Ligand code: E4P
């Protein structure tokens, strides 16, 4: 499973990329706004730092506007994947832009039928938001499982990008379900590497070693 960072923060991206653990990045208008930087230089820097796909989202809501913005965003860098929302116009834009050779991440997916249509429209990635479903008392992971099953049944090439990840359990369950990608905040990536028994074990090893007077 690929790991993407869900952030527009260049410092976080640089740190995670330096660890060699990041395969790509997803942004959205809220994450971009949080950075309080001019759009174009910010996304150019993100695209140069990240070794893989970088999702940049359109803000138009009509078909023509999404196509226009999608074409502009695709020019930012070779690794840009244009993000379009899962609406009627968004599906039309996915069909059109993917026909033009522009790769699309279809975002704000909250149901299996939405995901089926997106795959038929030719999306490269589908982004089911599992945390936001959990937030309203639904089981977000069921959606990931359903989409993976439907795509497998028909051999769709669209990759399932588990989004709106809140914790390590989401990552593990998405991997078990067969999601191709998990996009997560930097804080969740850090949580993935931590375990209290690792810290306790390391301390004990080093205490014993230091008491022994040995050296390597
Ligand atoms: C995905 O591409 C979105 O940017 C993201 O995962 C949304 O997550 P949130 O629900 O934590 O805002």
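Where a number appears in this text, it was derived from the coordinates with a stated rule and is not lab data. Predicted model, so just to flag it, every value in this text is computed and none were measured. Here the Cβ positions follow ideal geometry from the backbone for every residue, glycine too, while neighbour counts run over all protein chains shown.
Given the options 186, 205, 156, state which has the largest fluctuation in a GNM of the chain using a 10 Å cut-off (strictly under) for Cα springs. For the chain, modelled as a Gaussian network with Cα springs under 10 Å, the answer is 205.
How large is the helix-only mean residue ellipticity at 222 nm for the chain, computed as the sum of -39500 (n - 2.57) over DSSP H runs with n ≥ 4, divided by its residue count, in deg cm²/dmol to the nearest 500?
Values: 11 runs with 117 residues, N = 216.
Result for the chain, helices only: -16000 deg cm²/dmol.
For the residues 133, 56, 202, a GNM of the chain with alpha-carbon springs under 10 Å puts the largest fluctuation on 202.
Over the stretch 1-97, the fraction of Cα-Cα pairs per 5 Å bin, rounded to whole percents and listed from the shortest bin up, is 2, 14, 25, 22, 18, 12, 5, 1, 0. Relative to the longest principal axis of the C-alpha atoms of the chain, give the angle of the C-alpha long axis of helix 140-154, reported between 0 and 90° and rounded to the nearest 10°. Relative to the chain, helix 140-154 is tipped by roughly 60 degrees. Diffusion coefficient (Stokes-Einstein, Kirkwood radius over C-alpha pairs, 20 °C, 1.002 mPa s) for the stretch 2-212: 120 µm²/s, rounded to a whole number.
State the Kirkwood hydrodynamic radius of the stretch 109-181 in Å, one decimal place, computed from all pairs of distinct Cα atoms. Don't skip to the end; give the middle numbers.
On the way: mean 1/r = 0.0845 Å⁻¹.
Value: 11.8 Å, from the Cα pair sum.
Which residue fluctuates most in the GNM of the chain (Cα springs below 10 Å): 115, 163, 60? Taking springs between Cα atoms under 10 Å, the residue moving most is 60.
Any idea what the relative contact order of the chain is, in percent, if you count C-alpha pairs under 8 Å spaced at least 6 apart?
Numbers: 382 pairs, mean separation 36.2, N = 216.
For the chain, the relative contact order is 17 percent.
Between residue 172 and residue 19, the distance separating the two model label sites (each 7 Å from Cα on the Cα→Cβ line) works out to 1.7 nm.
Applying 0.36 nm per residue to the separation of residue 120 and residue 36 and subtracting their alpha-carbon distance, the gain on full extension is 26.6 nm.
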